[in-house]
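Worksheet: one structure, shown below.
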Amino acid sequence: MQAEETSVTAPNAATRAEGRVGSPRFYLTNEFGLLVLILLFATIFGLATSGFLSKFNLFTLGRVAAINVMIGFSMMVVIVTGGLNLAVGAIGVCAAMMCGWLIEDIGIVWPVAIVGGLALGAVLGFINGFAVVRSGLHSFIITLASMSIFFGGMIFLTRAESFRELPPFFSAFGRLKIYGVVSPLLLVAIVVGLLLIVMYRYTALGREMLAAGAKPEAAALSGVRVDRIIIICHMLSGVLAGLTALLLVARNGAAIPSMAGQLGQDWLLPAFLGPVLGGTLLTGGRVSVLGTFLGAVLVTMLTNGLLLLQVGEFWVQACLGVLLLIAVLIDKARRTFLARRRIV
Amino acid sequence: MQSLWRADWFGPLVVTVVAIIFIAAFNPSFLSPLNIQVLLLAISVNMLIAFSQMIIIAIGQMNLSVGAIGGLAAISFAGMMEVWGLPGPVAAVLALLIGVVAGFFNGFFIAWTGISAFVITLASLSIFKGLNLAVTRAQPFYGVLESVKAFGATTFLGPLPWLLIPAAIAFVLTWYLLNRLPLGRHILAVGGNAHAAELSGISVPRTIMAAHAISGLLAALAGICLVARLQIGQPTIGDDWLILSFAAPVIGGAVLAGGHVSTVATVLGVAIVAIITQALVLFHIDPFLVQVVLGALILWAVGVNRWREVRVARSLKRI
Amino acid sequence: MSRYREIVAALAGAVLMAGVAHAAEDTKVALVPGGPHPYFSAWEQAGKDAMRDFKLGAADYKVPQKWELSQQNELLESLVTQGYNAFLIFPGDPVGSVSTAGELADTGAPVIALAGCLKDPSAAAFCFGTDTGNSAYLGTKELIKALGGKKRIAHFTGFLVDPNTQLRIDAVEKAAKEEGAEVVQVIADIDAPEPAEEKINAYLAAHAGEVDGIITTAWVPAVVSANALRKIGDKRIKMVGIDHDEVVLKGIKDGFVAGTMLQNPYGQAYIGSFAADKLRSGCTVKADAPFKSNALTNKFIDSGTVFVDASSVDNYVASMQGITKDIMATFADTYLACK
């Protein structure tokens, strides 16, 4: 079933990645489908609830979406190689706590501390990547274990104590409303997204990542150092996870060990939701940065809309599941319909 | 000896035996009847959870909703006894049915739409867990029948818990299914290469639906056994099955891409995780360090198996 | 379940007597716990009763779908959009929720930390709840009293990411030290029933002979330990639990559990709703209010903790009622300055 889907839509992994506006093929892409769904549900929620389009709601919606998008990106860059990184949450928390520790206990100025946090993210990502490459084990099992180790190490060292003596800059950043609606967190997510698009489309490194994910043996034959690429992908994932966690620090006004839940597991669902809805293949080799962004936005919006609709408080989750199912079914129907019309 | 060395369950077996000997040497009470009983209890339920995921791994998919299905079956089981006053076996059968239906629901949507199992089961995870919350409003069901409680708490032949029986039956049937029945061959064939399987006349959609229904059944059985073991219908049952459900088959050498799983090795994977968890308690590990040690030990366990695989591959090359 | 309704009905009746009448029909109180958990279920009825008794526009119990800080934040933000203007929150994280509380307060809504506290400084008017550290401390003292001579204690508690867990570990340690007892084992991270069952049973299987008493300071470990002791049939090991789960209460009646530290969720939500409405309609927190201090905040009001054992377990409803009534009777005069 899945084989058929990829053979239709992915003759060339790299160019397929972003789609081209205007070409008929664009209307077949995941990205277009997600855009339609987002507009559709936004209209429904806008009409059905009073507050959905209020400035405050759009602001908080954007801020929540930004975090989910960033979590999605940090998973996506590893999925590209056909791997997984279950430790995104654990790495993120470690990076945030590192940054908090550097500021509060060591007294380093915050820009350096941020770099320190991100560097720790890169180091932990490197450990994952190195272990995957050297052992030949699937990244699933490596990151499953390292999730436990990283998070456990963090809890042991911090004794679950938070760092909150951060410069006011952090929480001001989290609360800032540009034109009353846009959160700077969302801008960070958009900038990161644009950088990722540039990387995958225009740099040799990005193309090598896609090649290593699609067909590692072929890539190796054509001179790509697959092992090195996999390690770099894990490091990138670590840095992005760290950045996400730092955005959360800004949002929460403190570096707290529980920000990603027990073992960082709270991040796992958003981490997969965005990329998978956005059309990134779990087997690797195909990536959609825009799709990941839109997928995360869609899910955030559905949750927000359901909360505003005031469906009974214990029914929200069931409704979210049903809506998600309806959303993917609508998208499927759209594609089938278009594909048929094109053939006829 | 050579064939033994090559068997995929050999690595996990070595790890299990080494772990048992090592722990027992330092702490003889590890082999006390009561401790063996506790260990077997943990293994029996976790085994069902692992099988439920293993079947889906075999067809090359993932089922994120195992915990949600198990939880829904568990609270239905307890709820039907408390609210409707149904006798235990009837409630159990109905709860198993719910599991099958829930699994079939997953399989149907995956086969019908061709959308990745990951997405479908992610959505259904929310639906099943949401139904669970809507029914229980986060309150446990306490009205579990005494007979069910006794089934979860008592033993036969010394330290063997009764809960071992459903787990053992599930083990034998799963092994038989995957190794002897046509359906099992179909499942593995679809997991290995769906396209080739279709060309050889296997109905891929039907196989997917069957696999998911079986997965739902096993998850529901695990949920029911947990109600008996916990003596209470907790709405949180199933919330943290996901990682375990993948860890055990993968430690047992399952290939996530599908087509290759081992029932025996998966059981050993479950045993390894249970033994490690118990050892951490036995040795008074600082609670703040437990997670670190657990992670390191899992790495060690898979590392040993990996080392064996590499050696086997090398010796095969030499021939 | 039925027992629970009894308590709730009885409490509602009792508190009605206290009778207060300052209408504020446009006050919409939101009662937001950290996630779905049986502890908070009394909040729903308490909110309804408060709405009726104090003529509030609403006092609704709103539950985040999962026990996640981000889910709670999302819910709170959407409640602002829905027009709620007074917030009673169990903070998902004592530090991490400070910023959200600040944003809520910026909309002009009073914010009260309920059942658990925010770490100072925060925008919360005050914290009204159980002093988790103190409850663990008192529970340990009761346990040691029940133990008599033998004094080796095991402590089972919840998630380590919850900073309250460290407070509890420290409090148990402190109480034990004062009485010359020894905490031989701390098992944590067992807020889910499956791992709790596995770890607690494994511990008892190997080390039952080495402990004399068990103190549990979280809901799930209390339930699981009570069941485990019943299963082993061992009445030598004394246990003190926490909260009012039926399994624990039944364990007390049957003699497998020495007692439990009750908290007062109904009173928290009922009196909290009252206070939130007052704060909205012109009252302020008195500058010289006799707040207590705990590890997190200097503006703490104790919602009451009671130890019940076999002799008092049948009447625990009455003792909880009594506490709620006492606090309610003097609450406005003690803590609020109204024009």
Notebook entry, point to check: Which residue pairs have Cβ atoms under 9 Å apart, sit 6 or more places apart or on different chains, and have a first residue in the range A:175-196 that is over 17 Å from A:MET75 (Cα atoms) and a second that is hydroxyl-bearing (Ser, Thr, Tyr)?
Noted result: A:ARG175/A:SER183; A:ARG175/C:SER99; A:LEU176/A:SER183; A:LYS177/A:SER183; A:SER183/A:THR60
Notebook entry, point to check: Within the range A:161-176, is there a residue that is within 23 Å of the chain's Cα centre (by Cα) and aliphatic (A, V, I, L, M)?
Noted result: yes
Notebook entry, point to check: Could you say whether any residue in the range C:291-310 is in contact (Cβ under 8 Å) with a residue 40 or more places away in the chain, part of a helix (DSSP H, G or I) and not charged (D, E, K, R)?
Noted result: no
Check: Between residues in the range A:41-62 that are free of Cβ contacts under 8 Å to residues at least 12 places away in the same chain and residues that are aliphatic (A, V, I, L, M), which pairs lie under 7 Å by C-beta distance while being six or more apart or on different chains?
Finding: A:GLY46/A:LEU53; A:PHE56/C:VAL80
Next item on the list: Just one of (1) in a helix (DSSP H, G or I); (2) within 9 Å of chain B (Cβ to nearest Cβ); (3) touching a residue at least 60 places away in the same chain (Cβ under 8 Å) trips up A:ILE149, so point out which.
Entry: (3)
Note to self: For the range C:160-183, which positions are out of contact with any helix residue (DSSP H, G or I) (no Cβ under 6 Å at 6 or more places or on another chain), modelled with pLDDT under 90 and not in a helix (DSSP H, G or I)?
What the structure shows: C:ASP162, C:GLY180
Notebook entry, point to check: What residue, among those in the range A:129-146 that are surrounded by fewer than 19 Cβ atoms within 10 Å (Cβ to Cβ) and at the interface with chain B (Cβ under 7 Å from one of its Cβ atoms), is farthest from B:VAL310 (Cα to Cα)?
Noted result: A:PHE140
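Scanning the range A:287-311 for residues that are of a type outside the set (A, V, I, L, M) and in a helix (DSSP H, G or I), which turns out farthest from the other protein chains (Cβ to nearest Cβ)?
Here is the first cut: in the range A:287-311, the ones of a type outside the set (A, V, I, L, M) are A:288, A:291-293, A:295, A:300, A:303-305, A:310.
Filter once more, keeping what is in a helix (DSSP H, G or I): A:291-293, A:295, A:300, A:303-305.
On the way: A:GLY291: 13, A:THR292: 14, A:PHE293: 17, A:GLY295: 10, A:THR300: 8, A:THR303: 6, A:ASN304: 6, A:GLY305: 9 Å.
Selected residue: A:PHE293.
Among the residues that make up the range B:146-165, is at least one of them touching a Cys at 6+ places or on another chain (Cβ under 6 Å) and not acidic (Asp, Glu)?
Among the residues of the range B:146-165, at least one is touching a Cys at 6+ places or on another chain (Cβ under 6 Å) and not acidic (Asp, Glu), which makes the answer yes.
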Notebook entry, point to check: Looking only at residues in the range A:96-109 that are part of a helix (DSSP H, G or I) and surrounded by fewer than 16 Cβ atoms within 10 Å (Cβ to Cβ), which one is farthest from the other protein chains (Cβ to nearest Cβ)?
Noted result: A:ILE106
Item checked: Lone unmet requirement of (1) surrounded by fewer than 24 Cβ atoms within 10 Å (Cβ to Cβ); (2) more than 8 Å from chain A (Cβ to nearest Cβ) for C:LEU104 -> (1)
Item checked: Hits in the range C:61-74 - residues which are within 14 Å of chain B (Cβ to nearest Cβ) and either in a helix (DSSP H, G or I) or in contact with a helix residue (DSSP H, G or I) (Cβ under 7 Å, 6 or more places away or on another chain) (or both) -> C:TYR61, C:LYS62, C:PRO64, C:GLN65, C:GLU68, C:GLN71
Check: Mind checking which residues of the range C:82-94 are buried (at least 24 other Cβ atoms within 10 Å of the Cβ) and within 7 Å of chain A (Cβ to nearest Cβ)?
Finding: C:ASP93
Next item on the list: Spot the failing condition for C:ASN201; the list is (1) of a type in the set (S, T, N, Q); (2) out of contact with any strand residue (DSSP E or B) (no Cβ under 6 Å at 6 or more places or on another chain); (3) in contact (Cβ under 8 Å) with a residue 40 or more places away in the chain, and only one is missed.
Entry: (3)
Item checked: The listed residue being buried (at least 21 other Cβ atoms within 10 Å of the Cβ) and either touching a residue at least 12 places away in the same chain (Cβ under 8 Å) or among the β-branched types (Val, Ile, Thr) (or both), out of B:ILE224, B:ILE165 -> B:ILE224
Next item on the list: Could you identify the single residue in B:LEU244, B:LEU218 that is under 12 Å from the mean Cα position of the chain (by Cα), part of a helix (DSSP H, G or I), within 11 Å of chain A (Cβ to nearest Cβ) and within 29 Å of B:PRO182 (Cα to Cα)?
Entry: B:LEU244
Next item on the list: Look at the range B:283-300 and say how many of its residues are of a type in the set (A, V, I, L, M, F, W, C), within 8 Å of chain A (Cβ to nearest Cβ) and in a helix (DSSP H, G or I).
Entry: 7
Notebook entry, point to check: Which residues, counting only those in the range B:254-272, are surrounded by 24 or more Cβ atoms within 10 Å (Cβ to Cβ) and within 11 Å of chain A (Cβ to nearest Cβ)?
Noted result: B:ALA254, B:GLY269
Margin query: Among the residues in the range A:197-209, are any more than 14 Å from chain C (Cβ to nearest Cβ) and within 20 Å of A:LEU86 (Cα to Cα)?
Written below: yes
Notebook entry, point to check: Which condition number in (1) touching a Cys at 6+ places or on another chain (Cβ under 9 Å); (2) away from every other protein chain (no Cβ under 11 Å); (3) surrounded by fewer than 23 Cβ atoms within 10 Å (Cβ to Cβ) is the one that A:ASP227 fails?
Noted result: (1)
Checklist line | Selection from the range C:133-173 of residues that are aromatic (Phe, Trp, Tyr) and more than 10 Å from chain A (Cβ to nearest Cβ) | finding: C:TYR137, C:PHE156
Next item on the list: Give just the number: which of (1) surrounded by 23 or more Cβ atoms within 10 Å (Cβ to Cβ); (2) among the hydrophobic types (A, V, I, L, M, F, W, C); (3) within 30 Å of C:ALA275 (Cβ to Cβ) does C:PHE159 not satisfy?
Entry: (1)
Note to self: Kindly evaluate B:GLY303 against the criterion of being free of Cβ contacts under 8 Å to residues at least 12 places away in the same chain, among the small types (Gly, Ala, Ser) and within 13 Å of chain A (Cβ to nearest Cβ).
What the structure shows: yes
Check: Among A:VAL322, A:VAL276, A:VAL249, which is the only one that is part of a helix (DSSP H, G or I), within 11 Å of chain B (Cβ to nearest Cβ) and crowded, with 24+ Cβ neighbours inside 10 Å?
Finding: A:VAL276
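Of the residues A:ARG251, A:ARG228, which single one is charged (D, E, K, R) and under 30 Å from C:ASN164 (Cβ atoms)?
Of A:ARG251, A:ARG228, the one residue that is charged (D, E, K, R) and under 30 Å from C:ASN164 (Cβ atoms) is A:ARG251.
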Next item on the list: Could you tell me whether the range C:219-231 includes any residue that is touching a residue at least 12 places away in the same chain (Cβ under 8 Å) and in a loop (DSSP other than H, G, I, E, B)?
Entry: no
Notebook entry, point to check: Which is farther than 24 Å from A:PHE293 by Cβ and out of contact with any helix residue (DSSP H, G or I) (no Cβ under 6 Å at 6 or more places or on another chain), of A:ALA113, A:ALA119, A:ALA131?
Noted result: A:ALA119
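Quick one: is C:ALA125 at pLDDT 90 or above and more than 14 Å from every other protein chain (Cβ to nearest Cβ)?
Working: at pLDDT 90 or above: yes; more than 14 Å from every other protein chain (Cβ to nearest Cβ): yes.
Yes: the conditions hold for C:ALA125.
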Margin query: Please verify whether C:ALA181 is buried (at least 20 other Cβ atoms within 10 Å of the Cβ), away from chain A (no Cβ under 14 Å) and touching a strand residue (DSSP E or B) at 6+ places or on another chain (Cβ under 8 Å), treating the condition exactly as stated.
Written below: yes
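The values are calculated or read from the model by the stated rules, or taken from the named source; none is laboratory data. Since the model is a prediction, treat every value here as computed from it, not as a measurement. Glycine also receives a Cβ, built like all others from the backbone with ideal geometry; neighbour counts cover every protein chain displayed.
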